[in-house]
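Every read-out reported here was derived from the displayed coordinates using simple, explicitly stated rules and does not represent laboratory data. The model shown is predicted, which means the values in this text are computed figures rather than measured ones. Cβ sites come from the backbone with ideal geometry, for glycine too, and all protein chains shown count toward neighbours.
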Amino acid sequence: MTIAFAGDVHAEGGAGTAIRSGLASIRPALVQADLTIVNVEMAITTRGEPAEKQYTFRAPAASLSELKGAGVDVVTMANNHGLDYGLDGLRDSLAAARAAQLPVVGIGLDEESAYAPHIVTVRGMRIAVLGATQVLDASLEQAWTARPGRPGLASANRERRLLVEVARAREQADTVVVYLHWGRELDACPLPQQESLAGKLVTAGADIVVGSHAHVQLGGGYLRGAYVDYGLGNFVFNTKGGDGARSGVLSLTVHGRSVTNPRWQPALIRDGAPYALTGQSAERARQDKLQRRGCTRLSASP
């Protein structure tokens, strides 16, 4: 089977128009996979008050149905925008996900549900998908982190809690996937805390560890047999161009704990929408993504 991953999605301005239009240019890379996972970096709500931070993102409930129609099967909302519109926004986001029948991970009405994996059987294999974030505003981290009986996000800064959930998922699933929000904005190399967490997740039983947040692409490769991609970059996002406009979809062939044949479908973001690249432009973009492995200490093969 194949699992596809793409990076940060919001629905402001042109990005919202792109979602409503069905992401036609990049849709084949999403629908051809057996399972496609993206990071939804916004609250799904029209209610609530914006958090006291520089940027707050939200979108109406239809956005999730539109993403599902474009080929997305699972979303993570564990990121530094998941609670941009407070608990009203959190509850509305969960309700919208249920209505759209689009599973969401990394957020919940309590700690147990926020850290819990989504487990789905695809082509006879059980896939567990977890979401968590290393990135939270210092002034908001305590309030936004899910606790027993308290809504919030799955914080990867509570490493032990996350690792316990990964180990538990390992016992239930053939393949364990962890999607993280991590790294430093515009830094194309992983931070020490990213590398440390990736190693611990692999030890705990993760087969695939991917992430986003930096708004630029980072390198990917193998770590003790597991596949790690430190940065998928923006996907459906308003960006000023340059490195932030480099986008794409990562596809992996999976058979139980065997993860092989990584493939990168490059895209370029224009007016918030990712447009698939072809020919020499695509090959140059693939080489650029490949070269970013240089500062990761990841391997080219298992």
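Can you tell me the order of 130-136, 23-29 when each peptide is scored by its average per-residue count of other Cβ atoms within 10 angstrom, highest first?
Sorting 130-136, 23-29 by mean packing, highest first, produces 130-136, 23-29.
Using the Cα gyration tensor of segment 131-221, with a ≥ b ≥ c the square roots of its eigenvalues, what is the shape: rounded (a/c below 1.5), prolate (a/b larger than b/c) or oblate (neither)? Because a/c hits 1.5 or more and a/b fails to exceed b/c, segment 131-221 counts as oblate. Between segment 1-56 and segment 82-117, how many Å separate their Cα centres? If we compute the Cα centre of each part, the gap is 15 Å.
Over segment 1-93, what is the relative contact order in whole percent, taking alpha-carbon pairs under 8 Å and six or more residues apart?
36 percent
Give the residues of segment 1-40 whose amide nitrogen is closer than 17 Å to a point set 7 Å from the Cα of T253 in the direction of its Cβ. Within reach of a label on T253: 1-5, 32-35. Using C-alpha pairs under 8 Å with a sequence gap of at least 6, the mean separation divided by the residue count of the chain gives a relative contact order of 19 percent. Within a straight-line Cα-Cα reach of under 20 Å, K240 can be paired with the following aspartates and glutamates, leaving aside sequence neighbours fewer than 8 residues apart in one chain: D8, E12, E41, E185, D187, D271, D288. Using a Förster distance of 30 angstrom, determine the FRET efficiency expected from the C-beta separation of R126 and T17, and round it to 0.05. Once rounded, the FRET efficiency stands at 0.20.
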